[in-house]
Amino acid sequence: MKVLEPLQRPFYAVIRPLVGWLLKSGVHPNTITTFGAALVIASGAAYGIGDFRYGGLLLLLSGLVDTLDGQVAREGRKTSAFGAFYDSTLDRVGDGASFIGIGAWLLWAPDVQWRFQAVVLAMVTILLSLLVSYTRARAEGLGIDCKVGIAQRAERIVGLGLLTLVFGPGPRGLVVTGVMALLSLLSFITVIQRFHHVYRTTRHRAPDDLPVVKPTSRGDARRALDPVAKRT
């Protein structure tokens with residue numbers, strides 16, 4: 001079960017009027033996606049200059065916007081293959097932007113505890129966050145539903161955004177380092193859960209039951225790598 005799953009229904013009920021307003025205003029889902037990506041990049045920049053509370057606020061706002069594009073696309077009947085690709089690609093930008101900003105701050109900030117280890121941890125957190133998305137994408141490329149796992153992008157956004165908004169980086173950067181360590185652990189567990197799920201699903205399948213992908217170009221080779229986004 002995902003950590004935030006019990007909160008999904010009340011959350012969507014709260015944002016329902018905003019979705020309705022966006023539909024009436026004729027705002028295109030891709031415009032919402034672009035705005036959300038701009039917010040998360042701004043969040044990374046704020047982290048990079050050391051304004052952690054502002055970075056946390058922007059990150060939480062980007063998470064809110066990220067839930068709107070899919071809702072508007074589905075209810076406005078504007079779903080498209082390109083929209084799914086666009087949304088998924090910018091989500092991956094968001095996965096890295098915040099932690100790149102934190103890593104940059106760790107490099108120059110004075111009096112950071114365990115500076116080298118914290119910078120490496122920021123890089124590990126980026127890697128694991130991308131692996132969480134990739135394992136689902138690759139599984140779905142094989143025709144396997146793979147939404148399992150305790151922590152996905154929403155958990156990362158809320159965890160990092162809320163804690164840095166409330167506590168900032170903490171003394172000597174210990175709070176943000178602890179948050180990254182926790183998110184890395186949760187992401188690692190999620191990757192293992194998805195490995196186990198795919199293994200259990202495929203171990204009794206004959207090879208002919210799995211779709212064969214024969215890439216002929218770079219685009220074909222990467223076709224299945226992005227997860228199926230909300231607008232599919």
For this session: May I ask you to say which residue of 132, 124, 112 is in contact with a helix residue (DSSP H, G or I) (Cβ under 7 Å, 6 or more places away or on another chain), of a type outside the set (Phe, Trp, Tyr) and outside any helix (DSSP H, G or I)?
Result: 112
Problem set entry | Leading residue by the ranking (nearest to the chain's Cα centre (by Cα)) among those in the range 40-73 that are open to solvent by 50 Å² or more (accessible area, probe 1.4 Å) and free of Cβ contacts under 8 Å to residues at least 40 places away in the same chain | 61
Exercise. Any chance the range 45-61 includes a residue that's modelled with pLDDT under 90 and aromatic (Phe, Trp, Tyr)?
Worked result: no
Exercise. Which of the following residues is over 14 Å from the mean Cα position of the chain (by Cα), in contact (Cβ under 8 Å) with a residue 40 or more places away in the chain, within 28 Å of residue 17 (Cβ to Cβ) and open to solvent by 10 Å² or more (accessible area, probe 1.4 Å): 143, 76?
Worked result: 76
Seminar exercise, completed: Every listed condition ((1) at pLDDT 90 or above; (2) touching a helix residue (DSSP H, G or I) at 6+ places or on another chain (Cβ under 6 Å)) holds for residue 38 save (2)
For this session: Return yes when residue 97 is at pLDDT 90 or above, under 17 Å from residue 48 (Cα atoms), within 17 Å of the chain's Cα centre (by Cα) and not charged (D, E, K, R) and no when it is not.
Result: yes
Exercise. Under 23 Å from residue 12 (Cα atoms) and either modelled with pLDDT of 95 or more or part of a helix (DSSP H, G or I) (or both), is that true of residue 67?
Worked result: yes
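The values are calculated or read from the model by the stated rules, or taken from the named source; none is laboratory data. Source: prediction; values computed, not measured. Don't worry about glycine lacking a Cβ; one is built from the backbone with ideal geometry, like all the others, and counts go over all protein chains shown. All accessible areas refer to the heavy atoms of the entire protein, side chains included, with ligands and DNA or RNA removed. Shrake-Rupley method; radii C 1.70, N 1.55, O 1.52, S 1.80 Å.
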